[in-house]
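Shown next, in structure tokens, is the structure this report addresses.
The values are calculated or read from the model by the stated rules, or taken from the named source; none is laboratory data. No experiment lies behind these values; they were computed from the predicted model shown. Note that each Cβ is placed from the backbone with ideal geometry, even for glycine, and that neighbours are counted across all protein chains shown. In case anyone asks, the SASA skips ligands and DNA or RNA and just uses the protein heavy atoms, side chains included. Shrake-Rupley method; radii C 1.70, N 1.55, O 1.52, S 1.80 Å.
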Amino acid sequence: MRTNIEARIRELIGRVAKLDVSQLQSDDDLVERLGVDSLQGLQILAGVEKQFDVRLPDDELIKMRTIGRIADAVHKLRSASKDVSQSVHHEGHEAHEEITGRAL
Amino acid sequence: MTPHLSTIVDVARFGAERFPDRVALEATSGGGSLTYSQLWDRVQQAANALRLRGLDRSSRVLLTAPAAPDWLVAFFSILHADLVVVPIPDAIGPPLVAAVAAHTGARLCIVGPQQTALRRVLGSVTCVTVGELSEAGGPGNQAGGLGEQSALRTDELAILAFTSGSTARPRAVEISHANVLSNLRALLAARQSREPETVLSMLPPAHLYELVVGQLAPLVIGGRVVYAGALLPNRLLNAIRDHGITRALTVPALLDALCREMLAALVDRGIVRPACLESSAVGIAMKLAQHSTEERERIRRAVRMQIGETFRAVGLGGASIGPGWPDVLALVGIGLDVGYGLTEAGPLVTLGLAPDCPPGSVGRALPGITIRIGQRGEVLVRSEGTMRGYWGDLGATAAALEDGWLHTGDRGMLDAAGHLYILGRLKEAMVTAAGDTLHPEEIEPYYSSRCFAEHCIVPMRGPDGNDLPALVIVPYAAETSDDEIEREFAELRAAAPPRYRVATMVRRNAPLPRTLLGKLKRRELGQTLEFNRDPRLAVI
């Protein structure tokens, strides 16, 4: 799951910044290694937010200079939202039990 | 009617009297909002706190806090406490901030809550946040010698604004209250409508253009400023819709990102073909022009669904823009206003309102401003907005201000109707051994290539002391071989007119250096080439 996230981010970077990312390692700095400028960086992060339907935390944006860090942030956000939806689901079950006296 | 404003502080004061309950400032990412009366209360509190520190009148106070409602609170309160504000973009880094503190003799810096590194570096300069000031300042109606009426005069120094200008060394421009207010009056007189606007603020408020046009101008007529936060293009378009934005100021690179984001959404919805995204702005405009009226209307409606119906104007400053995006924006019903100015002019000189401004022009002089073309085609400006001079640099001041005319250092021409066209920087003019005067902007179009992410022409000092134009390129991919770059250069050179055939090409594997508004630092780059003995192909 996490490697899949990295692969999709890698492809996105290649597309948005028009760069050859085949040799890019997970912890290569995008600015130093690929010469990504600040505006391209913003476009990459925008692409990540749209593709994964997440909102990256503002105070961590400046640290997101490697594929690895971006993937970590996405993974964390998606796991967190899965936890929320699972707990809502669980609470829903409990509520149902209370009301009907029966487990679903 | 706009009340008579005597100082910049009056913008906040009269706003609180005339529209107390209207929202003045807002942040997109949950940073809260301030009504005009809340803003004025906070300004008074912070100004009280500043006065309690016992600084001498007109002492300089640095302002490095990030763009947010608190920035304007800090800005107004510094002025309200009879102090001079030195706004610094938070991106420039602690060592430069320390240099500015030393140059201006500042003893106090208003920082953002996250700027802990600055506190360490600035040492003897006290750092304080707006929050801390507000706490120390007590309730806004504190009386007893700390009353709000200061005897600020309109011609007093208000702001030390930094400009990189055309030289590598930044200068501090002395801007008075009267300078800013005359700019505001001229801008409001030039615009037809007095309808309050909701303006999205994306550029650093430390830049006079953003401060005067993007923040103070809306507040004078009871509008609203919405701070964008992180400039991710997807978030910006959402903010435009969600906050009812009517206008935004941008620079060319940001406008490009926003327009491409709009297009990407159209591609995602299958309304426009993906191939569109590969084109230049001109290519995209041409493709759209070939669509039928119905198809264009479909595109317009789709874009409006994304950005809402309120957005109607983009203000462009910082550098000129070619054709393409203005036509695309017009299709959606968004006008692109262009302008020309410089920090030294306070900062506005011309305004070109869509759709009447001829392509390539930066518009006509604002009311009350006179332009003439001087020697060597230099644009000269006479305006009440013009600076008093450069802080601590009489020589530079004397060179820039002559007989009440500001020497802009730009080359330009005026047409019969008074439209100004900017042709280039005088100082970037290169005089070759043959006695030719060449400008980078006339040579650069001949060296565009798909291999180059960026390129520019810079003046390099030749062995005989004359200027030699050199081409600096940034390859799209760091792995591109030198041979490939050399071949591409040779082809481009051969295809260029003899006059524009450049002898030297230099490869650079990092983005070109630019000012915070996106202008190329050609001279600075050219100077780094002086020390290359015989570059046929060098790497910097």
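Note on region B:203-348: percent of Cα-Cα distances in each 5 Å bin, starting at 0 and stopping at the bin with the largest distance, equals 2, 9, 19, 23, 20, 14, 8, 5, 2, 0. Projecting the Cα positions of B:Gln215, B:Thr386, B:Pro358 onto the charge dipole of chain B (unit charges on Cβ atoms of Lys, Arg, Asp and Glu, taken about the Cα centre) puts B:Gln215 furthest along the positive direction.
Pair-distance distribution P(r) for the protein assembly as shown, from all Cα-Cα distances in 20 Å bins starting at 0: 17, 50, 29, 4, 0 percent.
At 4 °C and 1.567 mPa s, grab the translational diffusion coefficient of region B:305-386 from Stokes-Einstein with a Kirkwood Rh over Cα pairs, rounded to a whole number in µm² per second.
92
Considering only DSSP beta bridges where both residues belong to the protein assembly as shown, give the percentage that are antiparallel (nearest 5). Don't skip to the end; give the middle numbers.
Working: 45 of 81 bridges.
Taking every DSSP beta bridge within the protein assembly as shown, about 55 percent pair in antiparallel fashion.
A Förster radius of 60 Å combined with the Cβ-Cβ distance from B:Ala151 to B:Met413 puts the calculated FRET efficiency at roughly 0.85.
Please work out how much length the chain gains when fully extended from B:Ala275 to B:Asn466, using 0.36 nm per residue of separation minus the C-alpha to C-alpha distance, in nm with one decimal. Walk me through the numbers before you get to the answer.
Values: separation 191, 0.36 × 191 = 68.76 nm, distance 4.57 nm.
Answer, rounded to one decimal: 64.2 nm.
Non-local lysine pairs in the protein assembly as shown, meaning eight or more places apart or on different chains, with alpha-carbon distances under 27 Å, amount to 15.
Roughly how many debye, to the nearest 20, is the charge dipole of chain B about its Cα centre, given +1 on each Lys and Arg Cβ, -1 on each Asp and Glu Cβ, and no other charges? Spell out each step's value before the answer.
Numbers: 54 positive and 56 negative charges, 55 e Å.
It works out to roughly 260 debye.
Volume per residue for region B:18-112 equals 92 cubic angstrom (convex hull of Cα atoms). Relative to the longest principal Cα axis of chain B, at what angle does helix B:252-268 sit, 0 to 90 degrees, rounded to 10? Tilt of helix B:252-268: around 80 degrees. Using a probe of 1.4 Å, the accessible surface attributed to B:Leu438 totals some 10 Å² when neighbouring protein chains are kept in position. Put a dot 7 Å past the Cα of B:Ala495, heading toward its Cβ, do the same for B:Gln527, and the two dots end up 3.5 nm apart.
Can you compute the FRET efficiency between A:Arg8 and A:Lys63 using 1/(1 + (r/R0)^6), with r the Cβ-Cβ distance and R0 = 25 Å? Round to the nearest 0.05. Intermediate results must be reported in sequence, preceding the final value.
Numbers: r = 20 Å, r/R0 = 0.80.
The value I calculate is 0.80.
I'd like to know how region B:261-346 sits against the 2.2 N^0.38 Å rule of thumb: what's its Cα Rg over that expected value? Compared with the compact-globule rule of thumb, region B:261-346 sits at 1.21. Over chain B, Cα pairs under 8 Å with separation of 6+ residues give a relative contact order of 10 percent. Once the other residues with Cβ under 11 Å from the Cβ of A:Lys18 are scored (Lys, Arg +1; Asp, Glu -1), what is the net sum? Residues close to A:Lys18 contribute a combined charge of 0.
With respect to chain B, whose longest principal axis is taken over its alpha-carbon atoms, helix B:69-80 is tilted by about 60°. Panel note: the C-alpha atoms of region B:451-514, placed on their principal axes, show extents of 35, 28, 18 Å (largest first).
Computed from Cα positions, the angle between helix B:293-307 and the longest principal axis of chain B comes to roughly 40 degrees. Across the protein chains, with a 1.4 Å probe defining accessible surface, the residues B:Asp90, B:Asp56 rank B:Asp56, B:Asp90 from largest area downward. The Kirkwood radius of chain B, taken over pairs of alpha-carbon atoms, gives through the Stokes-Einstein law at 25 °C and 0.890 mPa s a diffusion coefficient of 99 µm² s⁻¹.
In the assembled protein chains, B:Ser29 presents an accessible area of approximately 60 Å² (probe radius 1.4 Å). Note on the protein assembly as shown: dipole from Cβ charges, positive end direction compared against B:Ser58, A:Gln43, B:Pro513; the farthest Cα belongs to B:Ser58.
Each Lys or Arg adds one and each Asp or Glu takes one away; over the other residues whose Cβ falls under 14 Å from the Cβ of B:Thr126, this sums to +4. The smallest convex shape that holds all Cα atoms of region B:394-496, its convex hull, gives 184 Å³ per residue. Extension gain, B:Thr126-B:Leu52: 0.36 nm per intervening residue step, less the Cα-Cα distance, totals 25.2 nm.
Can you work out the PRE-style zone for A:Met1? Point 7 Å along Cα to Cβ, and I want the residues of region A:47-74 with backbone N under 17 Å. Label zone hits: A:52-55, A:71-74.
Among A:Lys76, B:Lys521, the sequence by solvent-accessible area, most first, with a 1.4 Å probe is A:Lys76, B:Lys521.
For chain B, what is the percent of antiparallel DSSP beta bridges, rounded to the nearest 5?
On the way: 45 of 81 bridges.
Just about 55 percent of them are antiparallel.
These residues, B:Trp71, B:Trp405, go from largest to smallest accessible area, 1.4 Å probe, as B:Trp405, B:Trp71.
For B:Gly409, nonlocal amide neighbours, meaning residues 5 or more places apart or on other chains whose placed amide H falls under 5 Å from its own, are B:Val379.
If R₀ is 30 angstrom, what is the calculated FRET efficiency for the pair B:Arg241 and B:Glu135, using the beta carbon separation as r and rounding to 0.05?
Values: r = 36 Å, r/R0 = 1.21.
With R0 = 30 Å, the Cβ-Cβ based efficiency is 0.25.
Taking every protein chain into account, the 1.4 Å probe leaves B:Met262 with about 20 Å² of accessible area, to the nearest ten.
Provide the net charge surrounding B:Leu216, with neighbours chosen by a C-beta distance below 12 Å and charges set as Lys +1, Arg +1, Asp -1, Glu -1. Let's see the in-between values first.
Numbers: positive: B:Arg185; negative: B:Asp10, B:Glu210.
Cβ neighbours under 12 Å give a net charge of -1.
Across region B:401-433, the residues whose backbone nitrogen lies under 15 Å from the label position 7 Å along the beta-carbon direction of B:Ala503 are B:431-433.
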